[in-house]
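In what follows, a single structure is set out as structure tokens and then discussed.
Every number here is computed from the coordinates shown, using simple stated rules; none is lab data. Given the structure is predicted, the values throughout are model-derived calculations rather than measurements. We place every Cβ from the backbone using ideal geometry, glycine too, and count neighbours over all the protein chains shown.
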Amino acid sequence: MINTRFSCVGCGKCCNDHYVPLTLAESRQWAADGGTVIVLVEAFLENGHGVAEAQFEHARRRSILVSSGTTQAWLAVTFAAYNNGPCRNLDADNRCGIYERRPLVCRIYPAEINPHIPLRTDRKDCPPESWEQGPDLIVGGQLVDQELAGLIERSRQADREDIGAKAAICARLGIRTTALKGNGFSTYLPDMQAFMAAIDEVRGERTPSTTGQHWAFHLADENSSRALLAHGAAVTQSGTGHYRFIPLRSAD
């Protein structure tokens, strides 16, 4: 089994053209600082359709149960910093301008947050020399950096704690179209003032409510559409506002 070591060489490649997942608090701060937050939505059916059995529990813990047609689905919502080109906080020397308060995911990189995704150095932007020096990250297939392990757990915990509020924010923004997990992503670029106002409203509620919100699935292919309709889920080909569906499978 290959061991992995890592040391950042400051190339800045990981700070270009990436969506950086944010916690709810980080999302509010990012928008307040003038940045843009993209909303990415995916779901799988309550009976597990749309997610591998081995990943069901991890996916469920970071999701909330919502209605779709005559059935229910586990909905996951990700708020991410939208970086088209260099991150807005990256200076001319590839230095982070908010390093001391950079998002949690930036602190975790290049490690993976999802326990079902192994760290693949060939899928990272870092140059080869990044992996030829520095402290050990993975030894014998196990993460050995305990500080990093703690950050990963904080990120997973934030996913679990924030999902109810994120779903309620979607309800206030009129977002109600989701992709099927593994089939695509439903993405939204909301107005940032409306986004911040929705966050503030939801934060003021003891228990954020999504009552009355019904979700529909946007699918990448006809076979997936027929399968979800057979399970009683609602299917659509559109979303509200600045919406785009990104398929992960080729349409038939």
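Numerical summary
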quantity	calculated
Candidate set from region 69-115 (those that are over 27 Å from Pro135 (Cα atoms) and among the small types (Gly, Ala, Ser)); member that is nearest to the chain's Cα centre (by Cα)	Ala80
Selected residue [closer than 30 Å to Asp191 by Cα, in contact (Cβ under 8 Å) with a residue 12 or more places away in the chain, of a type in the set (Val, Ile, Thr) and in contact with a strand residue (DSSP E or B) (Cβ under 8 Å, 6 or more places away or on another chain)] from Ile138, Ile163	Ile163
Of residues in region 232-250 being touching a Gly at 6+ places or on another chain (Cβ under 8 Å) and outside any strand (DSSP E or B), the one nearest to Arg176 (Cα to Cα)	Thr240
Residue in region 196-217 that is surrounded by fewer than 19 Cβ atoms within 10 Å (Cβ to Cβ), without any contact (Cβ under 8 Å) to a residue 60 or more places away in the chain, farther than 20 Å from Gln29 by Cβ and among the β-branched types (Val, Ile, Thr) present	yes
Of residues in region 48-71 being small (Gly, Ala, Ser) and touching a Gly at 6+ places or on another chain (Cβ under 7 Å), the one farthest from Asp191 (Cα to Cα)	Gly50
Members of region 1-52 found to be in a loop (DSSP other than H, G, I, E, B), on the phi < 0 side of the Ramachandran plot and of a type in the set (Gly, Ala, Ser), listed by number	Ser7, Gly35, Ala52
Residue that is surrounded by the most Cβ atoms within 10 Å (Cβ to Cβ), among those in region 42-59 that are in contact with a Phe, Trp or Tyr (Cβ under 7 Å, 6 or more places away or on another chain) and under 30 Å from Arg101 (Cα atoms)	Glu42
Residue within region 145-153 that is touching a residue at least 12 places away in the same chain (Cβ under 8 Å), at positive phi and not acidic (Asp, Glu) present	no
Output for region 137-155, where each listed residue is among the aliphatic types (A, V, I, L, M) and either surrounded by fewer than 16 Cβ atoms within 10 Å (Cβ to Cβ) or within 22 Å of Ser27 (Cα to Cα) (or both)	Val139, Val144, Leu148, Ala149, Leu151, Ile152
Residue list for region 117-160, filter: touching a Lys or Arg at 6+ places or on another chain (Cβ under 7 Å), in a helix (DSSP H, G or I) and not basic (Lys, Arg)	Trp131, Leu151, Asp159
Residue match in region 39-47 (condition: closer than 24 Å to Leu189 by Cβ, out of contact with any strand residue (DSSP E or B) (no Cβ under 6 Å at 6 or more places or on another chain), in contact (Cβ under 8 Å) with a residue 12 or more places away in the chain and not aromatic (Phe, Trp, Tyr))	no
